[in-house]
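Read the structure below first, then the notes.
The values are calculated or read from the model by the stated rules, or taken from the named source; none is laboratory data. Keep in mind it's a predicted model, so treat the numbers as computed, not measured. FYI the Cβ positions are ideal-geometry reconstructions off the backbone, even for glycines, and counts take in every protein chain you see.
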Amino acid sequence: MKFIDAASVAAALPMRTAIRALQQALRDGLDPEADPPRTVVPVDHGQLLLMPAEGHSPRGRGYAGVKMATVAPDNPARGLPRIQGQYLLLDAETLTPLALLDGVALTNLRTAAVSAAAADRLAPPDASRLVLFGGGPQAHSHLAALRAIRPLTEVTVVGRTPERARHLVEGFPETAGVRVVAGEPDAVADADLIACCTTARTPLFDGTLLPPHATVLAVGSHEPGAREVDDHTVRHATVVVESRAAATREAGDLIQVIDRGLLDPAQLLPLAHLIRSPPGGPAVAPGRPRLFKSVGMAWEDLVIAGTVHEAAAAGEDDR
């Protein structure tokens, strides 16, 4: 069985290819609503997450797989990652193990690629100003993913404090044509894209400031009690989700609004419907912000893991 480490995951699958693979899987008929629910097992110092799935890669090969991830909130203070894990990829017909992939690299890649797959259908073609909440691996991955689909020229990084924001800016590599600066939450008033990549449990910005053309990507939580965006954002945006079942089970940003009777779950737009609708179609109402709320799903891991495996195998054949 092959082990595909973090560097090999990144080398095998460029971000633009990962985005296209997820979009193609949905166009080919993959049904996120059929995805098995994530299993969350509380342990003394965090959580164990199990995410199994079965399906096909965009090339048509059948796979099964499972990701086992851990969430340890105290780890950053120890100099260790908050999230760790591995992904086991299997042949669908024989259930023979094919590869073990670095779970963190896979998660960082697929989460940002899913966000970009949605933003590619939601954000204006000339979107150039990004406000980025957070400075961890997901923030870096989202910057790379959004640069792959839109002509970004200015990125405003927002941290918990102005000092934290300035420190985070230092961690982003210099990129030709992109100016990265530290900013405050009210920078969303001038943004085309807003990416929320934090561990926050309360809203990060005032939704009344959002321009009507803005696209918000909220990816930082998968717990009913945590949220990154406020009621106004949810109630006044076109809300896109990976699946209605997963969103109403895990997306605190939405659940807390639904539970108060302020949002009808039937109004949630499934990502598959968005991707399959024709460009310029009626899926997204004009003149209002767009919110993509992601919790992370097993089908995404499987599509990316299968595509990485095939790309890595093709690279070995070329040698």
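Give the residues of segment 26-38 that are over 16 Å from the mean Cα position of the chain (by Cα) and hydrophobic (A, V, I, L, M, F, W, C), sorted by residue number.
Listed by number, the residues that qualify are 30, 34.
Any chance segment 102-110 includes a residue that's of a type outside the set (A, V, I, L, M), within 18 Å of residue 16 (Cβ to Cβ) and either crowded, with 20+ Cβ neighbours inside 10 Å or not assigned by TED's automatic domain parsing to the domain that holds residue 239 (or both)? Yes, segment 102-110 contains a residue that is of a type outside the set (A, V, I, L, M), within 18 Å of residue 16 (Cβ to Cβ) and either crowded, with 20+ Cβ neighbours inside 10 Å or not assigned by TED's automatic domain parsing to the domain that holds residue 239 (or both). Restricted to segment 137-216, the set of strands (runs of 3 or more DSSP E) holding at least 3 residues that are under 27 Å from residue 110 (Cβ atoms) comprises 154-158, 193-196. Scanning segment 27-60 for residues that are charged (D, E, K, R), over 22 Å from residue 108 (Cβ atoms) and buried (at least 16 other Cβ atoms within 10 Å of the Cβ) gives a single hit, 54. In segment 2-26, which residues are modelled with pLDDT of 95 or more and of a type in the set (D, E, K, R)? Residues satisfying the conditions are 5, 16, 20. For the structure I just gave you, tell me whether residue 99 is under 20 Å from residue 17 (Cβ atoms), at pLDDT 95 or above and under 18 Å from the mean Cα position of the chain (by Cα). So residue 99 fails the test.
Of all the listed residues (88, 98), the sole one being assigned by TED's automatic domain parsing to the domain that holds residue 313, within 23 Å of residue 315 (Cβ to Cβ) and in contact with a Pro (Cβ under 9 Å, 6 or more places away or on another chain) is 88.
Within the option set 125, 97, 76, being surrounded by fewer than 17 Cβ atoms within 10 Å (Cβ to Cβ) and closer than 23 Å to residue 216 by Cα holds for one residue only, 125. The set of residues from segment 237-260 being assigned to a helix (DSSP H, G or I), among the charged types (D, E, K, R) and surrounded by 19 or more Cβ atoms within 10 Å (Cβ to Cβ) comprises 250, 253. Here residue 273 clears all of (1) surrounded by fewer than 20 Cβ atoms within 10 Å (Cβ to Cβ); (2) in contact (Cβ under 8 Å) with a residue 12 or more places away in the chain except the condition numbered (2).
Scanning segment 68-122 for residues that are in a loop (DSSP other than H, G, I, E, B) and out of contact with any helix residue (DSSP H, G or I) (no Cβ under 8 Å at 6 or more places or on another chain) turns up 72, 73, 74, 79, 80, 92, 93, 94, 95, 96. Quickly run through segment 217-236 and pick out the residues that are crowded, with 21+ Cβ neighbours inside 10 Å and in a helix (DSSP H, G or I). Scanning segment 217-236 gives 233, 234. Within segment 130-173, the residues that satisfy the criterion of being among the charged types (D, E, K, R) and either crowded, with 21+ Cβ neighbours inside 10 Å or at pLDDT below 90 (or both) are 150, 160, 163, 164, 166, 170. Only one of the numbered conditions (1) in contact with a Leu (Cβ under 8 Å, 6 or more places away or on another chain); (2) surrounded by fewer than 18 Cβ atoms within 10 Å (Cβ to Cβ); (3) closer than 27 Å to residue 14 by Cα is not met by residue 279, and that is (1).
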